């Protein structure tokens, strides 16, 4: 993918108001076109009715693709529960999940490709991290596999204060070069409260450290790129035409630009006519940013003639099949009521490469999260969903 050095962020103010903030392009940003990028990605899917054997892509996460650690430990817990309930014979239907090991192998492989034995790894974290348990398991796993790799947790502000670039464009922390910078923060506007954070990100991007993700990998995960790839003929520029390309295209649901052109106007009219069929998505990761139903109509009416609308895409709403189950939540009734639930499957992948060569590109595990059917968002950290485990059936 062609390198891009502009960052587009859609900033939220309150629940409904959004404005576009574009970081000016980093003119003169020097960089080695052969430098490597590391991607620890998660592609999320829902089953689509009426054919429940078909899946549709919800989104593609390129920054802080979380829960690889916690979800890897769930099969052990569920096997214990099933034995306690006297159903040990059913354990064979629960697939193993080695997402944590696979994701960490990507960081280790990138570290080895950097090929400086004294180098260290930085995890970029928030001032206060509510997902710290998932993050720390990555550190523990790497330490068990490779005790020679030192990992430091740093905020963007600390990176600004404590690092520098040497004449080799190495990012230096406490006198040691940094091999890999793994972002678990830096994907929301609020995580850049001052110029220090922007300057820290720029310093990392200018360095020879392997970024996870780099700016162009981060941009590749935006909803706009997802929508553009689904346009007729675009996917074929990256894949040769054939059965595989057709199968990839089949996972796309309807994705529409809201640009100020004929197609964008048709998309607006389509959404205003039946807003319940669509989701309005800004260029954001992290959950809790999408608009549904009546909110889609209200937002489009408000920004119909504003350039703000082009910062969103319109996506057909996926209608997954319902299953019945129980959700145990704090403050809920005891015993919990039987509820309609839906589940979303995430597939983790690792990629390392540059514009000339792909060094690895593999699937490494999965995540399943389940939520109440009437909940629009499915964020686990936001308390709207729960981590689950697949159970395989012969059909």
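Inspect all residues belonging to region 182-199 and state whether any of them is outside any loop (DSSP other than H, G, I, E, B), surrounded by fewer than 21 Cβ atoms within 10 Å (Cβ to Cβ), out of contact with any helix residue (DSSP H, G or I) (no Cβ under 9 Å at 6 or more places or on another chain) and at pLDDT below 95. Looking through region 182-199, at least one residue is outside any loop (DSSP other than H, G, I, E, B), surrounded by fewer than 21 Cβ atoms within 10 Å (Cβ to Cβ), out of contact with any helix residue (DSSP H, G or I) (no Cβ under 9 Å at 6 or more places or on another chain) and at pLDDT below 95. Only a single criterion out of (1) touching a strand residue (DSSP E or B) at 6+ places or on another chain (Cβ under 9 Å); (2) surrounded by 14 or more Cβ atoms within 10 Å (Cβ to Cβ); (3) under 25 Å from residue 117 (Cβ atoms) is not satisfied by residue 174, namely (2). Exactly one residue out of 364, 380 is touching a residue at least 24 places away in the same chain (Cβ under 8 Å), surrounded by 15 or more Cβ atoms within 10 Å (Cβ to Cβ) and part of a strand (DSSP E or B): that is 364. The strands (runs of 3 or more DSSP E) found wholly in region 1-88 and carrying at least 1 residues that are modelled with pLDDT under 50 occupy 7-13, 17-23. Only residues that are part of a helix (DSSP H, G or I) and surrounded by 18 or more Cβ atoms within 10 Å (Cβ to Cβ) were counted across region 269-308, and they come to 8.
When the test is whether a residue is closer than 21 Å to residue 254 by Cβ, in contact with a strand residue (DSSP E or B) (Cβ under 8 Å, 6 or more places away or on another chain), surrounded by 18 or more Cβ atoms within 10 Å (Cβ to Cβ) and at pLDDT below 90, residue 385 does not pass it.
Among the residues examined, residue 102 does not qualify as over 30 Å from residue 75 (Cα atoms) and modelled with pLDDT of 95 or more. I need the full set of residues from region 232-262 which are free of Cβ contacts under 8 Å to residues at least 40 places away in the same chain and closer than 18 Å to residue 306 by Cβ, in order please. Residue satisfying the conditions is 261 alone. Taken over region 120-136, the criterion of being free of Cβ contacts under 8 Å to residues at least 24 places away in the same chain and outside any helix (DSSP H, G or I) is satisfied by 128 alone. Scanning region 137-155 for residues that are touching a residue at least 12 places away in the same chain (Cβ under 8 Å) and in a helix (DSSP H, G or I) yields 137, 138, 139, 141, 142, 145.
Tell me, please, whether a residue that is buried (at least 21 other Cβ atoms within 10 Å of the Cβ), on the phi < 0 side of the Ramachandran plot and in contact with a helix residue (DSSP H, G or I) (Cβ under 8 Å, 6 or more places away or on another chain) can be found in region 72-89. There is at least one residue in region 72-89 that is buried (at least 21 other Cβ atoms within 10 Å of the Cβ), on the phi < 0 side of the Ramachandran plot and in contact with a helix residue (DSSP H, G or I) (Cβ under 8 Å, 6 or more places away or on another chain).
For residue 358, the conditions (1) more than 30 Å from residue 209 (Cα to Cα); (2) free of Cβ contacts under 8 Å to residues at least 12 places away in the same chain all hold with the exception of (1).
The values are calculated or read from the model by the stated rules, or taken from the named source; none is laboratory data. Because the structure is predicted, anything quoted here is derived from the model rather than measured. As a convention, Cβ positions derive from the backbone with ideal geometry for all residues, glycine included, and neighbour counts pool all protein chains shown.
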